[in-house]
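Accompanying notes for the structure given below.
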Amino acid sequence: MILDKEPVKAVTGKKVLPAVATIAVAGAMLVAGLKLAHTPVSDTAYKSRMDAKTFYANQGKDADEENLPVIKGRLEWLRERYGQPPADFAQRLIRELEKQQRLYPSQTPGAVPAEGTPIWESIGPRNALLTQNGVTLTETDSGRARTILPHPTNPDIVYLLTSSGGIFKTTNFTSPRSLWKPITDNLLTTSGGAMSFGRDPETIYLGLGDPFDFAVGGVIVKTTNGGTSWSPYVTLGNAKIVTDIKVDTSGPNDIVLAGTDVGLFRSTDGGATFSAVPQISGSPLNLFAWSLVKTSAGWLVSVADQTTGISTLYLSTDLGATWSPVAGSPAGAGRTTLGVGAPGDSVVYAYAATTADAAQLDLFRSADGGLTWTALGITNRAPTNPNNDQPTMNLMAGQAFYNQLVLVDPNDASRNTVYLGGQLSSAKTTNGGLTWTLITNWLAQFGLPYTHADFHAAAISNAGGTPTLFFGTDGGLSVSTDGGAQWDSSKNKSIVSHLIYALSTSGTDPTRITIGLQDNGTRIRLGATGIFNQTIGGDGFGTGWSQANGQFVLGSVFFNQIQYSEVIPNTQRKWESARGINTADGVFFTPLTTPTAIADPTGRVFFTATQRFAYKTTNGGQNWSEIFRGAAGTVAFRGTVHNTGVHPSDLNRIAICAPSGNVYITTDGGVNWVLRDNKVSGYDGFNASVAWVNDTTLYIASENPNGQSVYVVKSTDGGATWQPATNGLPLAPVSKLLVSPKDASGNTLYAATWLGVYETTDGGSNWHLFGAGLPAVQVSDLYMPADGSFLRISTYGRGVWEAKLP
């Protein structure tokens, strides 16, 4: 189907779409064989409210990252890409995963694969010797943490739930080199929401669905053997995520309470079934149940109304069966995190944002189990050791919706020892909030020890006799055994949970890798090692590495700000800033495309795109020139990670994903462009990736989460017409396509999906699961060297993997 047969140089773009940061699920237990009608959904209904001008308002392009609305920018970018997903998404992915596991039982993690099956091997990041972000640190990070569960009696057993890597477990935590193992790789998703012990530490209730990403969620599973096996999935109504889980063990059966973005759910049969709590759920209510604690008055939950932005505390005195609002709830509160030293305490703390989570409100204290509250007035108060990053106790700063941590020390009988964490710092009081002392800094400045920015989780353990503090941040785990005076990040070693957007490999040395990560910078691996050092801070996005000679390396940050290096950028000072890109037109994520060595024998050519411009560099990223300019005020290109495809042997042939199931194609290096409609029946759009085979054959993949029957389409006439090429692929979003350079026929391709990697050897007529041992994780990028000797991938939550090819 041809939208415009005539060449165009400037075209009117279209808007891009509304979405939420997570995905909804519907129903209770999965109904086998359930068929749900497909309603086509547009990918152009929402335009991100976080453009470059808004992002840099009052700060400028050279502003420090801590002063920029990075998290809001990321969530807006995700909304623009994915739109409003349907309530059946998790059900569909459960069915797809179960179908794939039935088809390929020997290829699931832990199974014995058939002889000759390529084996996926995790290659890190497992460690870092160098972390640079304006300063140089010798710290190790992992991906974003959600919940920390230390074993109550065995100090060597600790469980860590990560936002997109699932649960990691160690059984030798007190040793100098703790070894962590993933225990949820066989589940529907590695996206973690919350977890809690049951009546014994072998029983864990796990809620899937991270609150701060676009992920599969609203599902509960249970283990009774420390993670060796898991129960069937139980979905929680129309929930998208799981914010908190707590368990009441006072009766004969575990009573499980699960907070979600559509209210509160309760199980009275040990998690086998859940029911929505009528007072805190259901349409037309838009209630977000953030935090649960058991106090002397009963069970307490903080519930934010997403329509008004106002939070209310609810109390249950009958083990969660019925709930009533607390008349004395802190006034003017938004998202609120609750803390007690031990279940049943009369002293309770509430760390609250303002209405609509615009800023930090205050820390509140209750002495009667949460019935009445006193504001402690900490926000504008100076700590005992103020600094330029933290002159006051406004720890949440501009991310009150995102970073909240409160931990009450159970070893203090008065419950006056409290720890708080926010954006850049954490603090401690030993007198119930009268005075505070900063105990960490995100860059180990001002004489304070290092703990990564953005605090989400905390725990304290007395197992083994030495009280141990655990903080969970965007950089994983931080541990203290002296009350917070010193902190150790080395326990992140072997936790492979980084959230990777993009991957590049040197074309001349395959052991050299660069990756872009969510809030863990741009990292470089040099040599066959699990060590990936950070040499650009903040959020790392698109990357590039010359294929012909390995000479140039590219990294990037927000809104098409590109860094380049003509030497191995093993330190931050070796990066330089690119010139020539209209970053005011940029997208939050910066895409980068690297041509093959055949197409670019100089190793100096790379491509990027903004909303309405496409750019090319011919000198290794130093200077960029326009090759496409869309009409002012339009959106020409979709802001995906891999929106540009370049012919494997001809730099003049370029295709870029556009909204509404369209693609821009040039065959003369950008002098003229044609806009083609690549939709077919069952393919709605949401174009994510373009792959050229030769002059006439192209493939396009869709990342549509809304459900469709076709996820890859193929053209054999240069993009004029398109056909489905999807048989055998799971009905799940596809992030990238890669044509194998080893197959001269061009019939071998790989697809990075949300349920693994798939391969076709017959030009898209049939696909099958590729390789054995890969978790059901969102695969974000694909790379294969010119000799086709291996396939390397990055994932959003489970690091980098590779499989050797015969």
- Query: Within region 703-734, what residues put their amide N at less than 13 Å from the label point 7 Å along the Cα-to-Cβ vector of Asp650?
  - Reply: 717-719
- Task: Would you work out what percent of the accessible area of the chain, with all protein chains in place, is carbon or sulfur (probe 1.4 Å)?
- Result: 52
- In nm, the gap between the two label points placed 7 Å beyond Cα toward Cβ at Leu137 and Thr171 is 3.2
- Task: Round to the nearest 10 and give me the degree value, 0 to 90, for the angle of helix 70-82's Cα axis relative to the longest principal axis of the chain.
- Result: 50
- Item | Tilt relative to the chain, helix 89-103 - C-alpha long axis, 0 to 90 degrees, to 10 | 70
- Efficiency by 1/(1 + (r/R0)^6): what FRET value for Lys99 and Lys181, r their Cβ-Cβ distance, R0 = 41 Å, to the nearest 0.05? 0.90
- For labels at Ser765 and Arg199 in the simple 7 Å Cα→Cβ model, what's the distance in nm? 5.9
- Query: Sorted by packing (mean other beta-carbon atoms within 10 Å per residue), highest first, where do 510-516, 105-111 land?
  - Reply: 510-516, 105-111
- Treating only Lys and Arg (+1) and Asp and Glu (-1) as charged, each at its beta carbon, one finds that the chain has a dipole about its Cα centre, in Debye to the nearest 20, of 580
- Query: For Gln84 and Thr308, what does the FRET efficiency come to when R0 = 25 Å and r is the distance between their Cβ atoms, rounded to the nearest 0.05?
  - Reply: 0.75
- So Thr228 and Ala584, fully extended at 0.36 nm per residue minus their Cα-Cα distance, gain in nm 123.1 nm
- Could you pull out the trypsin sites (Lys or Arg not before Pro) across region 424-505 that fall in loop regions by DSSP (anything but H, G, I, E, B) with no more than 10 other Cβ atoms inside 10 Å? none
- Rg/Rh (Cα only; Kirkwood hydrodynamic radius) as it applies to region 694-806: 0.95
- Quick one: if you stick a label point 7 Å off each Cα along the C-beta vector at Gln486 and Ala342, how many nm between them? 3.0
- Task: Please give the residues of region 335-352, grouped as numeric ranges, whose backbone N is less than 15 Å from a label point set 7 Å along the Cα-to-Cβ vector of Thr372.
- Result: 347-348
- For a label point 7 angstrom out from the Cα of Glu121 toward its Cβ, which stretches of region 750-780 have the backbone nitrogen within less than 16 Å? 771-774
- Would you kindly state how much longer the chain becomes between Ala321 and Ala786 on full extension, computed as 0.36 nm times their sequence separation minus their alpha carbon distance, in nm to one decimal? 161.2 nm
- Quick one: length gained pulling Lys53 to Asn549 fully straight, 0.36 nm per residue minus the C-alpha distance? 174.8 nm
- Output the Kirkwood hydrodynamic radius of the chain, Cα pairs only, in Å rounded to one decimal. 26.6
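The values are calculated or read from the model by the stated rules, or taken from the named source; none is laboratory data. This one's a predicted model, so the numbers in the text were calculated from it and none came from an experiment. Cβ atoms come from the backbone with ideal geometry, glycine included; neighbour counts cover every protein chain shown. Areas reflect the complete protein model, heavy atoms only, side chains present, ligands, DNA and RNA absent. Shrake-Rupley method; radii C 1.70, N 1.55, O 1.52, S 1.80 Å.
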